Amino acid sequence: MPAILRLLQGARNNQVLDAGCGLGYLSSQLAHRFKRVLAIDLSLRNIEYCTSHWKRFGNISFSRGSIEHY
């Protein structure tokens, strides 16, 4: 996790994409550091979990989909 956060320090426009977000743990950590987080995953079950579990973070958008479409 620390290595990922170091790599993202220079993210433009203070926005990041979490592709393959799984259960959203990384997305939640990113939400503390960035203005906007777009998190995608192929699994509808994962997206449903994330949407309900991480709803306190108003700056994360969870979406079901493939990285090929972003």
* Asked: HN-Hα J couplings of region 31-39 from phi, Karplus 6.51/-1.76/1.60, θ = phi - 60°, integer Hz, Gly and Pro as x?
  -> 5, 6, 10, 10, 5, 9, 10, 9, 10
* Structure fact -> Computed over the chain, the convex hull of the Cα set has an average projected area, in nm², of 4.4 nm²
* **For the chain, calculated [θ]222 nm from helices alone, where every DSSP H run of n ≥ 4 adds -39500 (n - 2.57)** => -8500 deg cm²/dmol
* Tilt of helix 44-53 relative to the longest C-alpha principal axis of the chain, in degrees (0 to 90, nearest 10)? -> 60 degrees
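Read-outs throughout are calculated quantities, based only on the coordinates presented, and are distinct from any laboratory measurement. Computed from a prediction, not measured in an experiment: that's the story for all the values here.
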